[in-house]
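Student: Pasting a structure here, questions to come.
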Amino acid sequence: MTRCGPWHCPCRPGGSTPTPRASRARRGTRYRGRRPADPGRPHRTVIIARGCARNRSSDAKTCRCAGNPRTGSARRDEEDDLNRRSPARLRHRARPGTVPPRTGPAPGEGEGEGERVPLPYPSGWFCLALSREVPAGAVVNRRFMGRDVVLYRTRGGVLRVVDAHCPHLGAHLGAGGVVDGEHLVCPFHRFAFDVEGSCVKVPGGAPPEAALARFTVRERGKVVLVWHGHDAAPPAWEPSEIPDGRFTPAASWSTLLTSHPQEVMESFVDYRHQSVVHNVSLREVTPPVEEGPLLRISFSADIRLSVRLATITVEQGVALSGLGLASGEVTLHQIGMTLGIVLMATPVGPWQTRLRVVTTTEAASRADSPRLRKAASMSWSAVAGQALVRTIAHQMGQDARIWNRKRYEPNPRLTSDEDAIGHYRRWARQFYPPDTGPTGTS
């Protein structure tokens, strides 16, 4: 790849001959030239390829700096480089606001032009933030099912999730909006809204009859959950028992996927992929058990934590609360420790999902243990919790390479030992409108 200015590429009108070092490169190959000594002029990264105006070849490839798309081997080389880099970038601990590179089709698009996403948004409870991300007086922006929403907490500790735009003239409340006592104040004209969403104060006059669209919110296990119901239906059920006050968060990880929550949660019952993709020996303890919107799964596995400990046996019971939340407790037998784990898949756009993983530790809340013993147990549990998150993040990165490129198959050809996948898909149908088919069309 070469850095050059617009005068430096021979395929642009009036372009000059490349530098001596670059001119020795073969046509159709990459070369590295010297940047012209003119810091005031922009420079671009280009590839000189056969088919540019200079070379006059019949090949369809052209130079990027001429503004034309390139095809052929040069483009395939660039895509191969992206695919090699993607797994490492997906496995890193994502910082707030960072987005890993997307290697699949654009959200909402399929392989063919105009193709619709195969699954609509499901109903249920979905995570928008961790409690610590929304302290008192904070205003936090989030994307949820193709729309902007705002989370805020009043000075008195009341948490609310509302539509991000002011009903007055459409200003974005997350771009300069503030919390004033128990009110959310718009940055444009200082309209104030109470915790019920009603406009209660405006500068120099009586407030109009205006209200913010509100979302039903629950705060469970230091996780902020919001409800989405079809046709604005109220909550039909409550989320499962996220690890309670005995546990406190030890570590977390987040990433963005080109996928759907149903596809992500299906990995819990796709036992065969564990040995193929993750090299993990997993055994089903009991078949999935349905309890209305809950699906309980129990399995055992031999895994190696990322802190290079010996392989340990893990027993885990997971409760799926709809398609957005999976929670349970993990028992590490060799070290005699129990950790809580919460995995959350939130749709942020068509076929685009924010995945969050949180591990919680039980030892931090044991009040009956001596101080030294409690401190030691807290440190060991924190190490184990962080190691478990890194292990899960590594496995999710391996899965993401497949999720970001796979196609949803509404009628899979399952083997005789994959009954759990069929069971899971039949259970998942309850979270879609009754007149919605398997491809997301009515």
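The values are calculated or read from the model by the stated rules, or taken from the named source; none is laboratory data. Just so we're clear, the structure is a prediction, and the values are computed from it rather than from any experiment. Counting neighbours? That spans all protein chains shown, and the Cβs are built from the backbone with ideal geometry, glycine included.
Student: For region 122-138, state whether one or more residues are closer than 22 Å to Trp237 by Cβ, surrounded by 17 or more Cβ atoms within 10 Å (Cβ to Cβ) and among the polar types (S, T, N, Q).
Tutor: Yes.
Student: Among the residues of region 79-100, is there at least one that is polar (S, T, N, Q), out of contact with any helix residue (DSSP H, G or I) (no Cβ under 7 Å at 6 or more places or on another chain) and at pLDDT below 95? I'd like the intermediate steps shown before the answer.
Tutor: Step one: filter region 79-100 for residues polar (S, T, N, Q), giving 83, 86, 98.
Cutting the leftovers down to out of contact with any helix residue (DSSP H, G or I) (no Cβ under 7 Å at 6 or more places or on another chain) gives us 83, 98.
Now restrict to residues that are at pLDDT below 95: 83, 98.
Checking region 79-100: at least one residue is polar (S, T, N, Q), out of contact with any helix residue (DSSP H, G or I) (no Cβ under 7 Å at 6 or more places or on another chain) and at pLDDT below 95.
Student: Based on this model, can you work out whether Asp163 counts as under 16 Å from Arg354 (Cα atoms) and in contact (Cβ under 8 Å) with a residue 24 or more places away in the chain? So that I can check it myself, show each step before the final result.
Tutor: On the way: under 16 Å from Arg354 (Cα atoms): no; in contact (Cβ under 8 Å) with a residue 24 or more places away in the chain: yes.
No; evaluated as a whole, the condition is false for this residue.
Student: Contact list please: Cβ distance under 9 Å, first residue in region 252-271 and free of Cβ contacts under 8 Å to residues at least 12 places away in the same chain, second residue of a type in the set (Gly, Ala, Ser) and in a loop (DSSP other than H, G, I, E, B), pairs at least six apart or on different chains.
Tutor: Filtered contacts from region 252-271: no entries.
Student: Still on this model: Of the conditions (1) modelled with pLDDT under 90; (2) farther than 30 Å from Ala236 by Cα; (3) surrounded by 12 or more Cβ atoms within 10 Å (Cβ to Cβ), Leu414 satisfies every one except a single condition; which number is it?
Tutor: (1)
Student: Same structure, new question: Need pairs with beta-carbon distance below 9 Å; first residue over 30 Å from Arg155 (Cα atoms) and within region 113-141, second aliphatic (A, V, I, L, M) and at pLDDT 95 or above; sequence gap 6+ or separate chains.
Tutor: Tyr121/Met145; Pro122/Leu323; Pro122/Ala428; Ser123/Leu323
Student: Just the residues that are modelled with pLDDT of 95 or more and among the aliphatic types (A, V, I, L, M), please, taken from region 345-372.
Tutor: Once the filter is applied, which keeps residues that are modelled with pLDDT of 95 or more and among the aliphatic types (A, V, I, L, M), region 345-372 yields Ala345, Val348, Leu355.
Student: Report yes if some residue within region 198-207 is under 21 Å from the mean Cα position of the chain (by Cα), surrounded by 20 or more Cβ atoms within 10 Å (Cβ to Cβ), not β-branched (Val, Ile, Thr) and not in a loop (DSSP other than H, G, I, E, B); otherwise report no. Step through it out loud before you land on a result.
Tutor: Residues of region 198-207 that are under 21 Å from the mean Cα position of the chain (by Cα), as a first pass: none.
So far as region 198-207 goes, no, none of its residues is under 21 Å from the mean Cα position of the chain (by Cα), surrounded by 20 or more Cβ atoms within 10 Å (Cβ to Cβ), not β-branched (Val, Ile, Thr) and not in a loop (DSSP other than H, G, I, E, B).
Student: Further, regarding this structure: Quick one: which of Arg132, Arg142 is of a type in the set (D, E, K, R) and modelled with pLDDT of 95 or more?
Tutor: Working: Arg132 fails: modelled with pLDDT of 95 or more.
Checking each option against the conditions leaves just Arg142.
Student: Would you check which residues across region 291-326 are at pLDDT 70 or above, within 25 Å of the chain's Cα centre (by Cα) and aliphatic (A, V, I, L, M) and list them?
Tutor: Answer for region 291-326, where residues must be at pLDDT 70 or above, within 25 Å of the chain's Cα centre (by Cα) and aliphatic (A, V, I, L, M): Leu294, Leu295, Ile297, Val318, Ala319, Leu320, Leu323, Leu325, Ala326.
Student: Please enumerate the residues belonging to region 171-199 that are among the aliphatic types (A, V, I, L, M) and in contact with an Asp or Glu (Cβ under 7 Å, 6 or more places away or on another chain). Full working, then the answer.
Tutor: Taking region 171-199 and keeping what is among the aliphatic types (A, V, I, L, M), we get 171, 173, 175, 178-179, 184-185, 192, 195.
Those that are among the aliphatic types (A, V, I, L, M) and in contact with an Asp or Glu (Cβ under 7 Å, 6 or more places away or on another chain): Ala192, Val195.
Student: Six or more apart or on different chains, Cβ atoms under 9 Å: show the pairs whose first residue is in region 403-420 and over 13 Å from Glu266 (Cα atoms) and whose second is modelled with pLDDT under 90 and outside any loop (DSSP other than H, G, I, E, B).
Tutor: These pairs meet every condition: Asn404/Ser86; Asn404/Leu90; Thr415/Arg272; Asp417/Arg272.
Student: List the strands (runs of 3 or more DSSP E) that sit entirely inside region 126-196 and contain at least 3 residues that are not aliphatic (A, V, I, L, M).
Tutor: Details: elements: 139-144, 147-153, 159-163, 178-180, 183-185.
Per the criteria, 139-144, 147-153.
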